[in-house]
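The values are calculated or read from the model by the stated rules, or taken from the named source; none is laboratory data. Please read these numbers as outputs of a predicted model, since none were measured by experiment. We place every Cβ from the backbone using ideal geometry, glycine too, and count neighbours over all the protein chains shown. Each accessible area value is taken on the protein alone, full model and side chains, heavy atoms only, with ligands, DNA and RNA left out. Shrake-Rupley method; radii C 1.70, N 1.55, O 1.52, S 1.80 Å.
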Amino acid sequence: MSPPAVTVERPHAYVPEPKSAKTLSAPSEAAYKWDTFTFDHIRESTVSRAMTKRYFADLDKYAESDVVIIGAGSCGLSTAYVVAKSRPDLKIAIIEAGVAPGGGAWLGGQLFSAMVMRKPAQSFLNEIGVPYEEEDTYVVVKHAALFTSTLLSKVLLFPNVKLFNATAVEDLITRVDPATGELRIAGVVTNWTLVSMHHDDQSCMDPNTINAPVVISTTGHDGPFGAFSVKRLVSMTAIEKLGGMRGLDMKSAEDAIVKGTREIVPGLIVGGMELSEVDGANRMGPTFAAMAYSGIKAAETALQVFDE
Ligand code: 48N
């Protein structure tokens with residue numbers, strides 16, 4: 001005799017019955033009634049509208065942002081966390097060229113998992129709730145992805161933050177003061193990353209824009225996309241030349257990057273490894289405390305603009 005038909009209540013979220021202590025054996029004891037299990041009805045256009053309605057509402061809302069952060073690596077995400085937490089009234093747009101944010105912080109170094117941060121970086125890890133092993137002058141997060149995913153999730157939970165990933169900044173919005181001739185950065189020029197990568201082999205594909213009084217660039221050291229803003233400052237002759245990142249000197253590099261984080265030209269703050277390209281600072285290799293603390297300093301520098 002077949003079991004009685006199960007009328008599956010249609011709860012908004014399917015809550016499985018608590019699994020019994022014993023291992024699930026026969027389907028009738030399973031937590032799910034798989035033979036009658038079904039998701040709620042959907043139509044493809046509903047999904048499309050659910051995504052696009054929200055995305056285009058965000059594009060409209062963040063077309064005028066208070067702070068734009070270029071690059072969602074460890075420095076950019078740390079910056080975003082501090083700005084968003086300190087000033088929930090500010091609109092923060094993060095522009096990340098990769099589909100996956102996080103930059104180089106998914107591994108500790110040479111594909112090894114653990115991430116080393118020199119003290120006092122543990123206080124930032126405590127702030128965002130990342131556990132670590134304590135050594136004498138440094139701490140170790142068991143997997144770099146634990147740091148980056150935790151920080152990323154905290155940043156994305158802020159209601160005043162929008163991450164535009166798979167989106168590249170391909171230029172800077174500039175203004176020149178007619179009285180002084182001083183150049184100021186006033187926002188960013190964006191395009192889908194895949195478009196940015198193919199301007200040379202396609203007809204013109206014009207970009208989008210985001211206006212903002214403060215832009216914080218943390219695009220990493222030189223590379224296919226790296227050091228974007230500082231290279232653009234040179235090509236627009238806003239700064240004379242780049243110092244170029246120097247050889248690895250772990251001890252001096254991290255202090256230099258944190259202390260050097262600053263507004264390079266009015267409206268543009270540079271932090272993280274992008275800064276090493278400006279100042280000719282050393283690289284530090286597989287230690288990440290400076291990325292977090294450069295982000296904290298970049299955030300505090302930006303917040304001063306709004307405190308004035
Ligand atoms: O992780 P990165 O590259 O940059 P930082 O500064 O946040 O962290 C650097 C760190 O990972 C190291 O390099 C470590 C400490 N090693 C140092 C060493 O000595 O080797 O993140 C930059 C992000 C990336 O996600 C890029 O995709 C993104 O910026 N990006 C851009 N996003 C939008 N528009 C662009 N034009 C752009 N350029 C880079």
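Scoring residue 158 on the criteria (1) hydrophobic (A, V, I, L, M, F, W, C); (2) touching a Ser or Thr at 6+ places or on another chain (Cβ under 9 Å); (3) under 20 Å from residue 74 (Cα atoms) leaves a single failure, condition (2). Given the structure, is residue 65 of a type in the set (S, T, N, Q), away from the ligand (no atom under 11 Å from the Cβ) and open to solvent by less than 10 Å² (accessible area, probe 1.4 Å)? Answer is yes for this residue.
Condition first: under 23 Å from residue 216 (Cβ atoms), open to solvent by less than 20 Å² (accessible area, probe 1.4 Å) and in contact with a strand residue (DSSP E or B) (Cβ under 9 Å, 6 or more places away or on another chain). Now tell me which residues in the range 103-140 satisfy that. Within the range 103-140, 105, 115, 117, 121, 124, 125, 130 meet the criteria. How about the range 276-297: which of its residues are of a type outside the set (Ser, Thr, Tyr), buried (at least 24 other Cβ atoms within 10 Å of the Cβ) and closer than 27 Å to residue 142 by Cα? Once the filter is applied, which keeps residues that are of a type outside the set (Ser, Thr, Tyr), buried (at least 24 other Cβ atoms within 10 Å of the Cβ) and closer than 27 Å to residue 142 by Cα, the range 276-297 yields 288, 289, 290, 291, 292, 295. Note on the range 188-220: residues that are open to solvent by 70 Å² or more (accessible area, probe 1.4 Å) and of a type outside the set (Ser, Thr, Tyr) amount to 10. For the range 235-275, the set of residues classified as outside any helix (DSSP H, G or I), under 15 Å from residue 285 (Cα atoms) and open to solvent by 40 Å² or more (accessible area, probe 1.4 Å) consists of 245, 246, 247, 248, 249, listed by residue number.
Only residues that are modelled with pLDDT of 60 or more and exposed (fewer than 10 other Cβ atoms within 10 Å of the Cβ) were counted across the range 17-37, and they come to 1.
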